[in-house]
1. Under the rule a/c < 1.5 gives rounded, and otherwise a/b versus b/c splits prolate from oblate, where does the range 1-51 land using the Cα gyration tensor?
2. How high is the FRET efficiency from Ala34 to Ala156, r the C-beta distance, R0 25 Å, rounded to 0.05?
3. Below 8 Å between Cα atoms, with a sequence gap of 6+, how large is the relative contact order for the chain in percent?
4. Computed from these coordinates, which is Cα Rg over 2.2 N^0.38 Å: (i) 1.07; (ii) 1.02; (iii) 0.94?
5. Sorted by packing (mean other beta-carbon atoms within 10 Å per residue), highest first, where do 158-166, 125-133, 86-94, 44-52 land?
6. Find which of Ala107, Ala156, Ala41 sits farthest along the positive direction of the dipole of the chain, computed with +1 on the beta-carbon of Lys and Arg, -1 on that of Asp and Glu, about the Cα centre.
7. Ranked highest first by the average count of other Cβ atoms within 10 Å around their residues, in what order do 168-179, 5-16 fall?
8. Could you please state how large a percent of the accessible area of the chain is carbon and sulfur, counting protein chains only and using a 1.4 Å probe?
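The values are calculated or read from the model by the stated rules, or taken from the named source; none is laboratory data. The shown structure was predicted, so the numbers you read here are calculated from the model rather than taken from an experiment. We place every Cβ from the backbone using ideal geometry, glycine too, and count neighbours over all the protein chains shown. All accessible areas refer to the heavy atoms of the entire protein, side chains included, with ligands and DNA or RNA removed. Shrake-Rupley method; radii C 1.70, N 1.55, O 1.52, S 1.80 Å.
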Amino acid sequence: MLRQMSGVFIGAFFGTVFVVTNAHAPLTPVVGTALRVLAVAVFAGLLALAVLAARRGAPAPATPADPADAGAPRADWFGGKFGFVVAAEVVLLIGGNLALRRAGAPAQTAVAWTALIVGVHFLALTSVWQRRSVAVPGAALSALGAAGLGMAATSAVAWVPFVSGVLSGVALLGGCAWAIAQAYRSAARV
């Protein structure tokens, strides 16, 4: 089960990274530190819950949130189409950030662009994996990234890391928490 949940662990790890690297000014130091500690604690809790579910013998999110997900293929999730989506993501992340920098965009646009592209990557994986539930974090990150890009042109530019970074991390951690909780509940019923 742990091997099958590698995508969830990757999402939770990057959600934690989003929070830890972006919980800074204009947030107060106390709030920033609290958010970082909370994100790391949630990540650790998710890992512990996944291990407990695996020990109980639960299949990796075998009870999909979305009935349309029930027949989703699981054998080749990280195959060719996945590789293409990730390669396109990397090209867009690097190329877009370079273009924004050359255009003189504020430094805060980097996290907004990253959130947007990571969100779009999840939306693309929705069709690759045939799991509509992946669209939820995809839509959230895309919206938060787009909001941050819009904010970068305003006096609210200092809040872009919070909106596009911290809130994107919260969205990723929340989605991963939901998936792991489903697996744990499934294990508890066995």
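1. Verdict is oblate for the range 1-51.
2. Efficiency computed from Cβ-Cβ geometry: 0.65.
3. So the answer I get is 36 percent.
4. (i)
5. For the peptides 158-166, 125-133, 86-94, 44-52, the packing ranking is 158-166, 125-133, 44-52, 86-94.
6. Ala41
7. 168-179, 5-16
8. On the chain, the fraction of accessible area on carbon and sulfur atoms equals 72 percent.
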